[in-house]
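Participant: First, the structure itself, so that you have it in front of you.
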Amino acid sequence: INPDLIVSVDGHVHGPESAPDSSGRNERPWIEAGWVDVVYNMDYGEHLRFGHVDTVRAAVSRPEAIVDLPGNYERTDTGKVISRAGQLVADHISYCQRKWPGNGVGLYLYSLLNEEQIEALRAGPFAEDATPRWVR
């Protein structure tokens, strides 16, 4: 219908030796088949799994299709979900920008984006306006 449409999915991208997860998701073959343009790798922990992302990127013909998606929230010991410290959020985004330049980055969860995070992002990784670019 629209060949210029960008198709993206969120997922936990599997490495080359991994089988699909219990729901049948396996984003790597979707990239290779051209079914999706971008897979946002849900990476919400305090420490990013950059080694895993590098392994997956090395296993696909279009590594730019894998974009890390850090989280901006934490779970307390009681299970309550709270906003993550702004500087850590900015550090995660800055790291992704340096590690995979020109590849884009995402942030999850909009409802927990707060002023502290916005100011840290504005002072750090987004101090300059960016022009989005998609690589196919």
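The values are calculated or read from the model by the stated rules, or taken from the named source; none is laboratory data. Quantities reported herein were computed from a predicted structural model and do not represent experimental measurements. Glycine also receives a Cβ, built like all others from the backbone with ideal geometry; neighbour counts cover every protein chain displayed. Side chains included, ligands, DNA and RNA excluded: accessible areas come from the protein's heavy atoms. Shrake-Rupley method; radii C 1.70, N 1.55, O 1.52, S 1.80 Å.
Participant: Per-residue HN-Hα couplings for region 46-57, Karplus 6.51 cos²θ - 1.76 cosθ + 1.60 at θ = phi - 60°, whole Hz, x for Gly and Pro?
Facilitator: Listing the rounded values in order: 5, 10, 5, 8, 5, x, 5, 4, 4, 4, 5, 4 Hz.
Participant: Ranked by accessible surface with a 1.4 Å probe, highest first, in what order do ARG25, ARG98, ARG49, ARG57 come?
Facilitator: The ranking, largest first, comes out as ARG98, ARG49, ARG25, ARG57.
Participant: Tabulate in residue order the Karplus-calculated ³J(HN,Hα) for region 26-34, using 6.51 cos²θ - 1.76 cosθ + 1.60 with θ = phi - 60°, rounded to whole Hz; enter x for Gly and Pro.
Facilitator: Working through the residues one at a time gives 7, 5, 4, x, 5, 5, 4, 7, x Hz.
Participant: Continuing with this model, one more query. Provide the FRET efficiency to the nearest 0.05 for the SER94-SER23 pair, computing r from the beta carbons and using R0 = 41 Å.
Facilitator: 0.80
Participant: Do you know the relative contact order of region 1-92, to the nearest whole percent, from alpha carbon pairs under 8 angstrom that are 6+ apart?
Facilitator: 25 percent
Participant: Order the peptides 31-41, 75-85 from the highest to the lowest mean number of other Cβ atoms within 10 Å of their residues.
Facilitator: Output ranking for 31-41, 75-85: 31-41, 75-85.
Participant: Leaving ligands, DNA and RNA out of it, work out the accessible area of ASP91 with a 1.4 Å probe and give it in Å² to the nearest 10.
Facilitator: 70 Å²
Participant: So for region 1-90: antiparallel DSSP bridges make up what percent, rounded to the nearest 5?
Facilitator: Restricted to region 1-90, the bridges split so that about 25 percent are antiparallel.
Participant: Show me the ranking of peptides 104-114, 62-72 by mean Cβ neighbours inside 10 Å, starting with the highest.
Facilitator: Highest-to-lowest ranking by the protection proxy: 62-72, 104-114.
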